[in-house]
1. Please report the spacing between the Cα centers of the range 552-597 and the range 121-198 in Å, no decimals.
2. Under 18 Å from a point 7 Å along the Cα-to-Cβ line of GLU44: which residues of the range 1-32 have their amide N that close?
3. Determine the relative contact order of the range 1-147: mean sequence separation of Cα pairs under 8 Å and six or more apart, normalised by residue count, in whole percent.
4. Over the chain, what relative contact order in percent results from Cα pairs under 8 Å that are six or more residues apart?
5. Taking a Cβ-Cβ separation under 4.7 Å as the criterion for a possible partner, which cysteines of the chain have none?
6. Figure the gain on full extension for GLU742 and ASN228 (residue separation times 0.36 nm, minus the Cα-Cα span) and round it to one decimal in nm.
7. Please list 3J(HN,Hα) in residue order for the range 626-632, calculated via the Karplus relation 6.51 cos²θ - 1.76 cosθ + 1.60 where θ = phi - 60°; whole Hz, with x for glycine and proline.
8. Report, to the nearest whole %, how much of the accessible area of the range 361-432 belongs to carbon and sulfur atoms, 1.4 Å probe, protein only.
Amino acid sequence: MKFTAAHWGTYKVRQKVGKNFELLPFEQDKDPSDIGRGIESAIEGGSRIQKPAIRKGWLQSQKKQKNIKRGDDEFVEVSWEKAFDLVSKEIKRVISRHGNESIYAGSYGWASAGRFHHAQSHLRRFLNLIGGHTYSKNTYSYAAAEVIIPHVLGNFYEFLFDTTSWESIADHTSLLVAFGGVPLKNGQINQGGVGSHNQRNYLNNASVKGVKFINVSPLKSDLELARNVEWVSLRPNTDVALIISLCYELNKVKAAKKDFIDKYTVGFEKFARYLNGNTDGVVKNADWASEITGISREAIFDLVEKIKKSKRTMISVSWSLTRQSYGEQPYWAAIALASIIGDIGKPGGGIGFGYSAMNSIGNHYKRIPAVSIPQGKNNVKKFIPVARISETLESPGTSFDYNGSKLTYPNIKLIYWAGGNPFHHHQDLNRMIKAWQLPETVISNEWCWNALAKHSDIVLPVTTPLEREDIALSPRDPYMIFMSKVIDPIGESKSDFEIFSGLAEKFDLKNDYTENKTEKEWIRWIYEESNALQENNHKFPDFDAFKDKGWYKHPEPIEQQIFLKEFIQSPEKYPLDTPSGKIELFSEQIDCFQYSDCVGHPKWYGDKEYLGNTSKYKLHLLSNQPIFKLHSQLDNGKVADNEKSDGRAIIEVNRRDANVRGLSDNMVVKVFNDRGSCLAVLKTSENIMEGVVNIPTGAWLDPSKSDTLSCIHGNPNVLTLDAGTSKLAQGPSSHTCLVEIEQFEKEPPKIRAFDPPKIIKSR
C-alpha cells in the first residue's frame, strides 16, 4: 500500500489505471480531513503549468520594447535549458549591479509536508551558495506574538508547542476561557504533516469530563461542542479591553493571587497603576470595557464570578488575535490575566496559545528531533518583517522601527519565490499589485497558474508531492510517513531540487548544491541523521523496513505536558529567558524603546479601525481560515467548492444586518471599502454577531477586466489593512477591517481565476 502525507493529513493511495488515483483515509486517523482529496481533480486540471514560461513583456523589455504590466500579460513557453540560461544570467546581472541584498527570497508558505522537498530550504540553500539574499522574519500567523512573548515569557517557539496538553485539561480544568475560540476547522492542519487529527476528540473528551468552555468571539462557530459551551460575543479586536477589565475587577475584590504575582512576576505594581487609572485618569473597570466591547457590565461581572469560583482556569488565546492593530497586546494582557488568576504551571491551568490553531497544539506527544537539508550561511544580514513587503518595494532606503532597532528597507531588484502565494496571505492586494510592478524581475517555482505565477516574469513548473518521493517527519507530530511517488511528473515539471541543481550548474556549483547526492540519497540521509538524534529506546525502524510499511508512530510520552511547570516548581533553577528571569507584566526593555504604540505594559489602544470608532463603513470584516482548503491551496480542486456558492466565496452576515440592507440569502453582493471591493454570495446566520461579517480566506485573486471590482471571486485581502501591528513587531493587521455591503445588481462576471494566461506554445 502506498501512502502520501500533506499538511492536512495522511492518505492511503488507491492506484487506478494510468495516472488515475484516489486518496483514502489513513486508518490511524481519528478524524480524517477531506482537504487533501482536492488534489485529485486539480493535479492535471487546466491551471497546471506544463513547461517553463517567460512573460512576453519581460522578454520585450530586454529589447527595450513596450512592457505590459505583470498580471495582464501572456507567456512564452521555452525549454528548460533556455529557462536556466535566462534565470542564471538575470541573477548574475542583478548581483553584479546591485549586490546580493537586492535579491529577496520571498518563499513563505506551506508548500510540502515532505522534509526534503521543502521549497524555502532549497531556495535559500541555492541563494546562500551564490552570496546570500534579503530574507524575512516572523510569520503571517502570529508575528506579533513572536516578538512580544520573548520580552514577557522568553522563547516563543518553545512555548508554542509546549502548551499544556489536552489530557491535562480534561483531567484538571474547571473553566476554559477561549479568547478567539478553539476552531476545529483550523486543527485539520499541521506543519510537516498530520498522522491523526485529535482536536475534536480532545475537545469532546474534555467536555464529557465536565470542563466548562466560554467562547469569547464574534463567531459562535469558533468553538463547536454539544455541551458546556457559553458564547460571549464581543466586537472584533476588543478582547484586550475585556481582558484588562477582568484584571482590574479581580484585583479590586482582592481575588488576584498576590503570592503568585510576587514570586513569579515583575512589574505588577506599574500595570496596576494603569488598571486603576493613575496613569491616564481612566479606571479600567467593567463599565469601561462594556462601552468598548459591546458586552454588558453584567456579563463581564458574571465572567469575573466564574473565574473566582473556578477551581482551575485555563486562559486560551487564538493566533488570530495577533492579526490586528496592536496585535501584541492580546497575548500580553492574557498572560497578565493568567498571572492574576495564579494557575500557571498547574495541571490544566494557566495559559495556552492557539489551541486547535494546528493539530499539534495541546497534542499528547514528545517533540521529535529531526534534521533538514542544510541551507548554508547567508552573507546578507538585511531582513524585513514578513508582512512589510509592499513598503519594502515602494520605499527602498527608508527607515522603519522593529523590536527596538531602527532599520532600513533594502532596494529589491529581483524577487525569487518558491513555495507559498503572497497574493493569498498579504493584505491590501491592490496596493501590493502596484508595488509588485517595481522590481526588475520576479521568478517563481509554481505548479499551477495562480496569481503568483501570473504576476511573475519567469515561471518554472514544479512537481507536486504526489510526483516525487519524500518523508513526512515533523517534530510536531508522532507519525512519520513515507510519501510514495504516485504518478509521473505532469508536463515538464521538475522538483525544486532538480530546478536549483540545474541553476547551480550554471554557476559551476552543482556539486556544492547536491553534495553529490540524489534525491533518494538525501531522503535516506535525513532519515538516518534524524534517527541518530533519537533516544536509544525511541530509535526509528530500519529505513527500508519503514519504507515498506509506509508509516511509523513514535511512542507517546508517559507524563502529561504542563506549560511552565518547571519554572513554577523552581524559578531559581529554571528561570525564564527574560531580563528578570520572571514573567514580565511590565517590561523595562520595551518601555525603553519609547514606542507610543507599544508601551511597557499591556494596554488598550482605541485609535484603530473597529466598530467602536465612527466610520462610513458599519460592518467589521473577519477573514478566517477556510474549512475545505489550507489557506489558498487546492482552491482549484473540487473539495474547495464545498465552501462556495456557484464557485464564489460566501460572506456570512447576521440576519438583522442583511434585513436592514434589503439583502437575502444567495444574493451576490459587493463588499467594499476605500481599499478595494470584491463579490461574494450572502449567507445569513444567527451564529455571527450583529455588525460583523466573515469571508474565509483562500479564494484565488480574480480582478475584474471590465469593472472596478478588485476581485470577482471573493478574496478578502483586497479589503484588508496593510499596516504593521506596532513598531515592536510590524506584524500583519488583517482583522482590522471595516466594510460595507450592497446588492450587486449587474450580471456577475464569470470567474476566471483558474484559467491560465494566454500562452504562446514553444515549437
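1. 15 Å
2. 13-24
3. Working: 137 pairs, mean separation 22.4, N = 147.
Relative contact order, the range 1-147: 15 percent.
4. Numbers: 1814 pairs, mean separation 162.3, N = 763.
Relative contact order for the chain comes out at 21 percent.
5. CYS247, CYS448, CYS592, CYS598, CYS737
6. Between GLU742 and ASN228, full extension yields an extra 181.3 nm.
7. Result, ordered by residue: x, 8, 10, 7, 9, 6, 9 Hz.
8. Numbers: 1130 of 2380 Å².
With neighbouring chains kept in place, the figure for the range 361-432 is 47 percent.
The values are calculated or read from the model by the stated rules, or taken from the named source; none is laboratory data. Note that the structure is predicted; figures quoted are calculated from it, not measured. As a convention, Cβ positions derive from the backbone with ideal geometry for all residues, glycine included, and neighbour counts pool all protein chains shown. Surface accessibility is based on the protein's heavy atoms, side chains included, excluding ligands, DNA and RNA. Shrake-Rupley method; radii C 1.70, N 1.55, O 1.52, S 1.80 Å.
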